[in-house]
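Okay, structure first, notes after.
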Amino acid sequence: LVAQRGDAAVRELADTVVLLVQPESGDELQWEKAGLLEIDLDQAAKAAADLTRALKLPEIGKWKDIAQLGLLRLLYQGEKYKQLLDSFKAGAKDLSPDARPEATLLAANSNRQLGQHEAARELYDQVVREYPNSIYAKEAQYERLVSLYAANDAGLGKAVDDFLAQNPESEKRDQIVLMKAEALFKAHDYAAATPVYASLQKARLLSNLRADALFKLGWCYSETQKSAEAILVYTDFLNLYSTNKLVPTAMAQRALAFQQEKKFGEALRDFDMLIAKFPSAKERELALQQKALLLGQQQDNAGMSVAFQQLLKDYPKTPAAGQANYWIGWAAYEAKDYKSAIAPLDAARRADKEQFFERASLRILLANYNLEQRDELAAGVDSYTKSGKDKPPAQILRWLGLRFLTDKEFVRAEKYLAMLAAREGDATADDWLNLGRAQAGAQKFAEAVKSFRNYLEVVSEPFPKSIGLLALGEAQLGLRQFDDAQKAADQACAQPEGVLNAQGRMLSGDIESARGNFEKAAKVFRSIAVIIDDPALTPQALEKAWAALKKAGNDKDAAKVLNELQSKYPEYQLRAAAKP
């Protein structure tokens, strides 16, 4: 009645029956009957207690096997595996041959549940060996396979093949084949797992198992680079099991397979569907990332940037943050939006220094270069050369050096021009000239002389050579190497007239002043005003002549020169130190 109806009224009646059959004075064996009835009534605790009590009775006789098996079944159902094994060991020798196969199987299963697979397989083998014709022998063979699977035993495949060869009509054939496929899948042997999963497509399995087997067949195709086959399988899965929890994963994998097949439109469709329909799926993050990369691959930089921005917004802790920021910055740079490119590029190299430091830093340098941001560019070069594996572009070092040289920050100018000059093949003749000028401005005359000589070695035309000789003479003057300086000045004055000749004379006058020959110096300076009327150079020469005459004590001629200077060039401002 309980089995057929199970309602409250019948259960109450059954409880009354249990009370009636419980032992009174001389009927102790009723403990065993009560225990068995309590099993049917799902009263496990009471049943176990009554059966245990019955097994201790000396007069239990023929009921012992029934009580013992009932207790073992009860313990197994209650997942009390250790207690079952203790009970089995204590009473196994007293069991009849009819009861022993089932009891041994229950003990084997308990060992398996406890992870004691070697002990379990010994008992399974014992059942098969000692009771080959019992129904439990076939069950033991199957459960032995389950144990091999649970233990990740490498011998499972052969054991499955042997079992199926011996039992081709086994009702559990499909489950056993699935077990083999799952073992291969867990071992990442996708090539071997593929045909096994494929053989299960018409298997008599529970719906959830069929769905899982179909999904994993698609996965195996993907892992073995058979993307066309994977697409077909994932499509079948999505059509047959549209409510399965693996739908987002299958959609993502099909999109990746479409990418492999270069069917980019279909891939984008799957990614967009996943993004829109499955906001909580873990694969949505991957879909946003792959969508962005796919758009970038198709030259849709704006779309790529938008997708990566959405990825960062929805998943601020994404492992792809470095990649996303880099390509956002890259897209802005390519669009010549240099200002907007800098922040994401900086975020990229901070998020993933190993992968993006070089590329992002270079783009930041170029962005600051195009924005003509001197100090930011200098700081970027310093960081790049300290931590980077590559060298800053030559045009950046050249621009920085010239900018600092123009701003008369000679030490900083020398720093970047020296970096450029040290790179063989990158430095031009003008780079050596400007390096020398920066060094001379920083009062590093010996270094300047070397740089100017390097310049003079690579130029041959008269005009640039004269420029280099004048610069060399200035540096030699700074070292008080008067004879060498005068030689350079004379060579620079090879042209009889023009600005270069005047500059050569100016250098000669400075040399004579440095020697203390002020009258001679004044004469050289005054000769410049005779050969050239240059609005910058001529008044400077007259001022130097006036100053030299003052130092020589020739106030009369000094006054004449000053009057000439102020008459011809009334706008010219005397240097503060030289004012009368």
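A few remarks follow.
- Pair GLN443, SER527: separation of 7 Å Cα→Cβ label points (nm): 3.2 nm
- Candidate aspartates and glutamates - alpha carbon under 16 Å from LYS245, same-chain residues fewer than 8 apart omitted: ASP212, ASP236, GLU283
- In the chain, the longest principal axis of the Cα atoms and the axis of helix 156-166 are about 40 degrees apart.
- Stretch gain in nm, segment PHE482-LEU206, where the contour uses 0.36 nm per residue and the Cα spacing is subtracted: 89.1 nm
- Note on LYS277 and ASP94: their simple-model spin labels are 6.4 nm apart, each label 7 Å out from Cα toward Cβ.
- Computed over the stretch 285-437, the P(r) curve from all C-alpha pair distances, binned at 5 Å from the origin, holds 2, 10, 18, 17, 16, 11, 10, 6, 5, 3, 1, 0 percent per bin.
- Set of aspartates and glutamates with alpha-carbon distance to LYS282 below 16 Å, sequence-local pairs under 8 removed: ASP270, ASP272, ASP314
- DSSP-loop GluC sites (Glu not before Pro) across the stretch 511-575, with at most 13 other Cβ within 10 angstrom: GLU571
- When you restrict to C-alpha pairs under 8 Å that are six or more residues apart and normalise by the size of the stretch 483-538, the relative contact order lands at 30 percent.
- Normalising the average separation of contacting C-alpha pairs (under 8 angstrom, six or more residues apart) by the number of residues puts the relative contact order of the stretch 285-397 at 17 percent.
- ARG575 accessible area, 1.4 Å probe, all protein chains in place, Å² to nearest 10: 130 Å²
- Residue ranges 166-174, 314-322 sort as 314-322, 166-174 when ordered by packing (mean number of other C-beta atoms within 10 Å per residue, highest first).
- Ranked from largest to smallest solvent-accessible area, with a 1.4 Å probe on the protein heavy atoms, THR385, THR538, THR406 come out as THR406, THR385, THR538.
- Solvent exposure, largest accessible area first (probe 1.4 Å, DNA, RNA and ligands not counted), of LYS89, LYS180: LYS89, LYS180
- Neighbour cut-off at most 10 other Cβ (10 Å), DSSP loop, GluC sites (Glu not before Pro), the stretch 409-440: GLU424
- Computed over the chain, the per-residue total of -39500 (n - 2.57) for DSSP H runs of n ≥ 4 gives a 222 nm mean residue ellipticity of -24000 deg cm²/dmol, rounded to 500.
- C-alpha center-to-center spacing [the stretch 501-569, the stretch 115-156] in angstrom: 114 Å
- Look at where the Cα atoms of the stretch 248-323 and of the stretch 198-223 average out, and the two centres are 26 Å apart.
- The chain: angle of helix 301-314 to the longest principal axis, Cα-based, in degrees nearest 10: 60 degrees
- Among (i) 1.09; (ii) 1.95; (iii) 1.04, the entry derived from the coordinates for Cα Rg over 2.2 N^0.38 Å: (ii)
- The stretch 253-309: C-alpha gyration tensor shape, a/c 1.5 cut-off, then a/b vs b/c: oblate
- Residue pairs, from the table LYS202/LYS226; LYS277/LYS336; LYS391/LYS444; LYS353/LYS415; LYS82/LYS180; LYS520/LYS556, whose Cα atoms sit over 24 Å apart: LYS277/LYS336; LYS391/LYS444; LYS353/LYS415; LYS82/LYS180
- Protection proxy ranking of 142-152, 351-361 - average other beta-carbon atoms within 10 Å, highest first: 142-152, 351-361
- Ranked order, HIS117, HIS188 - accessible area, probe 1.4 Å, largest first: HIS188, HIS117
- Of the trypsin sites (Lys or Arg not before Pro) in the stretch 366-428, the ones in a loop by DSSP (not H, G, I, E or B) with at most 13 other beta carbons within 10 Å are LYS389, LYS408, ARG423.
- Summary value for the stretch 91-213: 15 percent relative contact order, contacts being C-alpha pairs under 8 angstrom separated by 6+ residues.
The values are calculated or read from the model by the stated rules, or taken from the named source; none is laboratory data. Everything quoted here is computed from the prediction, not taken from an experiment. We place every Cβ from the backbone using ideal geometry, glycine too, and count neighbours over all the protein chains shown. Accessible surface areas use protein heavy atoms only, side chains included; no ligands, DNA or RNA. Shrake-Rupley method; radii C 1.70, N 1.55, O 1.52, S 1.80 Å.
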